Amino acid sequence: MKTFKEMNKSSGTVCPICKTSDSGEIVLIGIIGTEEDNNIEAKQFHLKCLNLRYDKTLGIVYQKIEAQK
């Protein structure tokens, strides 16, 4: 997984987990259903916010993100 030193803040985006654009390493995670040819839309996530799980029966890595109240 490729990481980046800082979030690209020019689009006004925030990390979907912590809801901030604080400084720190980020990763891009592709959004299901946005694939077209060899391109996919992605969201920026702080690396420190990720708390991933692996479901070996389904073969997926995931993290549940609570909805905003």
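Nothing in this text is a laboratory measurement; each read-out follows from the coordinates by a stated rule. On a predicted model such as this, the values are computed, not experimentally measured, just so you know. Note that each Cβ is placed from the backbone with ideal geometry, even for glycine, and that neighbours are counted across all protein chains shown.
Just a few scattered comments:
- Residue in region 15-49 that is nearest to the chain's Cα centre (by Cα), counting only those that are closer than 10 Å to residue 65 by Cβ and either among the aliphatic types (A, V, I, L, M) or assigned to a strand (DSSP E or B) (or both): 45
- In region 1-43, the residues that are among the basic types (Lys, Arg) and surrounded by 13 or more Cβ atoms within 10 Å (Cβ to Cβ): 43
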